[in-house]
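Single-structure report; data block below.
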Amino acid sequence: MDKLITFAVPCYNSAAYMEHCVETLLQGGDDIEIILVDDGSTKDDTPAICDRYQEQYPDIVRAIHQENGGHGEGVNQGIRNARGIYYKVVDSDDWVDVPSLHKALDKLRQFVRDNKLVDMMICNYVYEHAETNTQRVMNYRNVFPRNKVFGWDQIGRFRPSQYLLMHSVIYRTQLLRDCNLELPKHTFYVDNIFVYQPLPYVKNMYYLDVDLYRYFIGRSDQSVNEKVMVTRVDQQLRVTYHMINSHDLRQVSAEHKKLGRYMFNYLAMMMAISSIFLVIDSSPEALGKRTQLWEYLRTVDSGIYHKMKYRAVSAFTAFPGYQGRKLSVGLYRLARKIYKFN
């Protein structure tokens, strides 16, 4: 490790917007590393832009070209090659706030100087809505103590719409390697695995109350667009099954009750999302896949299945019959309109 932090930027036909992302990261200075992972781009100048940045900033930027493996393989490639003590993923259509970046780097430098590394740093992120030109800040002031290193026993309650996302976390690189994090190839929505699987390995963390990450949302072709998500529901299912299999939630809860509660609610949210898009599809095959998903969870842990299906956020997807499914979709779309999460 010879850098403070590695920023991995998966790039796929990103020429129209990736330079804005990279320019904000470059403001971090010489002790950061930026790995630009060209994921088999063929439709624009993404490969050439990656190489140009590497030539201009050889001590900061590295360009890696790979056959197309999807967003997850871009993240994996970054983890394999990272030389930073810490690791953060920044999508090529997003960017960071430069003053907040300097504050985050100063705090990480302090941890290194004091030889007291934290496993995870959390910062706020901002939804930048393209269609309405509005912003929505997601902070964690109600969840995490400020100005101190803390553990899971010291956290508060997350609100129903409030989760840790890839945008909000900075992990210690070695922790990601120690937990054998390997995201599936050719699969969207793997950022959920990225912020879920490592959590039981995190022993201490720090919340920096700055609006670091700017999450650009609202493009018609974006992976979180509702119509796009329906066509990619099998990939959403793949991620959800992966998360079910990644941890024994009863064991997590026995060790850290508050972490177990959070991870239960996160998985319940993923079950709800998978279920609702299968309902929106509404074909007999899709409805069968919804039944199979819930039955699989029942075989893993029947107690968690019953609690999740009838008492958690995912319960709103369990209304029976055609009218029940219609109500579920209506509630989902109302929540999306209120919280503006896609």
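The values are calculated or read from the model by the stated rules, or taken from the named source; none is laboratory data. On a predicted model such as this, the values are computed, not experimentally measured, just so you know. Cβ sites come from the backbone with ideal geometry, for glycine too, and all protein chains shown count toward neighbours. Ligands, DNA and RNA are stripped out before the accessible areas are found, and what is left, the full protein with its side chains, is counted by its heavy atoms. Shrake-Rupley method; radii C 1.70, N 1.55, O 1.52, S 1.80 Å.
Compactness ratio of the chain: Cα Rg over 2.2 N^0.38 Å, N = residue count?
Values: Rg = 19.9 Å, N = 342, 2.2 N^0.38 = 20.2 Å.
After normalising by residue count via 2.2 N^0.38 Å, the value is 0.99.
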Taking only protein heavy atoms into account and a 1.4 Å probe, give the accessible area per residue of the chain in Å². 44
Based on the Cβ-Cβ distance of Arg141 and Arg311, what FRET efficiency does E = 1/(1 + (r/R0)^6) give at R0 = 30 Å, to the nearest 0.05? 0.65
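Net charge near Glu33: determine it from the other residues with C-beta under 15 Å of the C-beta of Glu33, scoring Lys and Arg +1 and Asp and Glu -1. Walk me through the numbers on the way to the answer.
Numbers: positive: Lys3, Arg62, Arg80, Arg83, Lys88, Arg109, Arg172; negative: Asp2, Asp30, Asp31, Asp59.
The answer is +3.
Counting only other residues whose beta carbon sits under 13 Å from that of Ile79, what net charge do I get with K and R as +1, D and E as -1? Write down the numbers at each step before the final one.
Working: positive: Arg80, Arg83, Lys88, Arg172, Arg177; negative: Glu33, Glu73, Asp178, Glu182.
Local net charge: +1.
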In angstroms, what radius of gyration and Dmax does region 117-217 have, counting Cα atoms only? 14.3, 42
Taking square-rooted eigenvalues a ≥ b ≥ c of the alpha carbon gyration tensor, is region 34-104 rounded, prolate or oblate, where a/c under 1.5 means rounded and, failing that, a/b exceeding b/c means prolate? prolate
Count charges around Ala15 for me, please; just the other residues with Cβ under 12 Å from its Cβ, Lys/Arg as +1, Asp/Glu as -1. -3
Can you tell me the 0 to 90 degree angle between the C-alpha axis of helix 98-113 and the longest principal axis of the chain, rounded to 10? 80
Per residue and in cubic angstrom, what volume does the convex hull of the Cα atoms of region 85-148 have? 110
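Nothing charged except the Cβ atoms of Lys and Arg (+1) and of Asp and Glu (-1): what's the magnitude of the dipole of region 25-133 about its Cα centre? Round to the nearest 20 debye. Can you show the working numbers first?
Working: 11 positive and 21 negative charges, 130 e Å.
Magnitude of the dipole: close to 620 debye.
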Put +1 on the Cβ of every Lys and Arg and -1 on every Asp and Glu Cβ in region 1-139; which of Ala130, Ala8, Ile49 then has its Cα farthest towards the positive end of the dipole? Ala8
For region 1-71, what is the largest minus smallest coordinate of the Cα atoms on each principal axis, given in angstrom and ordered from greatest to least? 32, 22, 18
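How many percent of all Cα-Cα pairs in region 173-279 sit more than 24 Å apart? Before the final figure, lay out each step's value.
Working: 1859 of 5671 pairs.
Considering region 173-279, 33 percent of its Cα-Cα pairs are separated by more than 24 Å.
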Set Lys and Arg Cβ to +1 and Asp and Glu Cβ to -1, take the dipole of the chain about its Cα centre, and tell me which of Val300, Ile273, Phe111 lies farthest positive. Val300
Using +1 at the Cβ of each Lys and Arg and -1 at the Cβ of each Asp and Glu in region 99-257, identify which of Asn180, Pro145, Leu164 lies farthest towards the dipole's positive end. Pro145
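Determine the relative contact order of the chain: mean sequence separation of Cα pairs under 8 Å and six or more apart, normalised by residue count, in whole percent.
Numbers: 580 pairs, mean separation 54.3, N = 342.
Relative contact order, the chain: 16 percent.
Using a 1.4 angstrom probe on heavy atoms only, work out the carbon and sulfur share of the accessible area of the chain in %. Provide the component values of the computation, followed by the final result.
Values: 7370 of 15090 Å².
About 49 percent, which is the carbon plus sulfur part of the accessible surface.
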So what does His186 come to for accessible area, using a 1.4 Å probe and Å² rounded to 10? 100
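What value, in deg cm²/dmol to 500, does the helix sum -39500 (n - 2.57) over DSSP H runs of n ≥ 4 give at 222 nm once divided by the residues of the chain? Mind dumping the intermediate values first?
Values: 13 runs with 156 residues, N = 342.
Rounded to the nearest 500, the figure is -14000 deg cm²/dmol.
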Rg (one decimal) and Dmax (whole number) from the Cα set of region 1-120, in Å, equal 13.9, 47
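How compact is region 150-209 by the rule of thumb for globular proteins, expressed as Cα Rg over 2.2 N^0.38 Å? All intermediate terms of the calculation are to be shown ahead of the outcome.
On the way: Rg = 12.5 Å, N = 60, 2.2 N^0.38 = 10.4 Å.
This ratio for region 150-209 stands at 1.20.
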Charge dipole magnitude, Cβ of K and R +1, D and E -1 - region 1-80, Cα centre, debye nearest 20: 180
